[in-house]
1. Against the condition touching a Ser or Thr at 6+ places or on another chain (Cβ under 7 Å), in a loop (DSSP other than H, G, I, E, B) and not hydroxyl-bearing (S, T, Y), how does C209 come out, does it pass?
2. Among the residues in the stretch 131-140, are any charged (D, E, K, R) and closer than 26 Å to T224 by Cβ?
3. For the stretch 158-169, indicate whether the set of residues that are at pLDDT 95 or above, within 18 Å of P203 (Cβ to Cβ) and among the small types (G, A, S) is non-empty.
4. State all residues of the stretch 156-174 that are in a helix (DSSP H, G or I) and either among the polar types (S, T, N, Q) or buried (at least 16 other Cβ atoms within 10 Å of the Cβ) (or both); if no residue qualifies, say none.
5. Inspect the stretch 52-65 for any residue being surrounded by fewer than 20 Cβ atoms within 10 Å (Cβ to Cβ), more than 21 Å from the chain's Cα centre (by Cα), over 24 Å from G19 (Cα atoms) and among the β-branched types (V, I, T) and give the result as yes or no.
6. Is there any pair with a first residue in the stretch 15-44 that is on the phi > 0 side of the Ramachandran plot and surrounded by 20 or more Cβ atoms within 10 Å (Cβ to Cβ) and a second that is of a type in the set (D, E, K, R) and at pLDDT 95 or above whose Cβ atoms are under 7 Å apart and which are 6 or more apart or on different chains, and what are they?
7. Only one of D133, D68 is more than 26 Å from E206 (Cβ to Cβ), out of contact with any helix residue (DSSP H, G or I) (no Cβ under 6 Å at 6 or more places or on another chain), outside any loop (DSSP other than H, G, I, E, B) and at pLDDT 95 or above. Can you tell me which?
Amino acid sequence: MAYTLEHKTPKSVLNKGTGFLSGYSHSLNPYVGCSFGCSYCYVRRMPVATFRDQAWGTWVDAKDGAADVFRKELKRARNNGPVTIFMSSSTDPYQPAEAKAGITRSLLEAMANDPPDFLLVQTRSPLVKRDIDLLVRLGNRVRVSMTVETDREDVRRQFTPGTPAIEARLRTLKLLKEAGVPTQATIAPVLPCTDGFPRKLRPLVERICIDDYFMGDGSGGRRTRSLGIERLYGEMGLKEWYGPEAYRYVYDRFLETFPPEQVFISQQGFEP
């Protein structure tokens with residue numbers, strides 16, 4: 001997807017963890033906006049997007065100098081207790097702009113030298129493999145959460161045409177595992193998939209997080225519903241997959257392949 005990139009200098013980069021992220025002391029977004037432009041992204045209905053006179057997915061602001069700001073804020077934050085960070089809550093830290101801007105890598109470099117108590121990296125991009133050298137240095141203080149909403153490419157192309165192919169994400173999970181980086185596969189939101197989906201992930205991860213629109217968009221599904229997502233299900237003849245109980249089908253399939261203690265639901269799966 002074509003997008004415009006602007007460079008901004010942030011005054012602050014650490015935000016207090018609240019709501020869905022209340023298990024974290026802070027959230028951290030290296031960018032504002034996200035060029036992946038996923039059709040179901042709940043951020044489309046948040047102020048950061050609705051107050052912008054540009055369509056979601058067509059603009060990105062890079063937070064230049066974020067690492068310098070982070071170093072100062074990390075020292076102050078430690079005065080209040082353990083620092084646990086969710087990166088990122090309203091953007092993908094490894095969206096295409098990161099390949100050149102390198103904001104996320106600069107933040108990881110700062111963390112590798114002065115680690116927080118815990119960092120969760122939430123992404124759907126194979127670009128995360130570029131930073132394996134830094135992730136390894138963080139040891140058990142980090143977990144990479146790779147979004148893999150489905151194993152069906154036709155479904156991915158329908159719902160998130162601007163995102164990396166599923167196979168590329170699976171290959172990245174394999175590389176992360178081989179490097180010893182703690183990882184999980186995040187089926188969020190649950191999209192129509194095959195019965196064999198759990199078997200594809202079994203060799204790659206030992207932790208699964210399953211979430212859907214109704215648990216994970218912060219409004220009981222209202223934000224997602226306002227985006228007209230249900231129509232996409234209808235167009236594909238998959239309307240039975242849209243509803244608050246649809247995740248149960250996927251959850252049950254994963255329990256047939258993974259031990260129960262490795263399968264997490266919604267907020268629990270994102271906790272430090």
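The values are calculated or read from the model by the stated rules, or taken from the named source; none is laboratory data. Remember, predicted model here, so these are calculated numbers, not experimental data. With ideal geometry, Cβ positions are generated from the backbone for all residues, glycine too; neighbour counts draw on all protein chains shown.
1. On the way: touching a Ser or Thr at 6+ places or on another chain (Cβ under 7 Å): yes; in a loop (DSSP other than H, G, I, E, B): no; not hydroxyl-bearing (S, T, Y): yes.
No.
2. Restricting attention to the stretch 131-140, the residues satisfying the condition of being charged (D, E, K, R) are 131, 133, 137.
If we keep only those that are closer than 26 Å to T224 by Cβ as well, we get none.
Scanning the stretch 131-140, I find no residue that is charged (D, E, K, R) and closer than 26 Å to T224 by Cβ, so the answer is no.
3. There is at least one residue in the stretch 158-169 that is at pLDDT 95 or above, within 18 Å of P203 (Cβ to Cβ) and among the small types (G, A, S).
4. Result: R156, Q158, F159, I166, R169, L170, T172, L173.
5. Among the residues of the stretch 52-65, not one is surrounded by fewer than 20 Cβ atoms within 10 Å (Cβ to Cβ), more than 21 Å from the chain's Cα centre (by Cα), over 24 Å from G19 (Cα atoms) and among the β-branched types (V, I, T), which makes the answer no.
6. Between residues of the stretch 15-44 that are on the phi > 0 side of the Ramachandran plot and surrounded by 20 or more Cβ atoms within 10 Å (Cβ to Cβ) and residues that are of a type in the set (D, E, K, R) and at pLDDT 95 or above, the close pairs are G33/D61.
7. Just one listed residue meets the conditions, D68.
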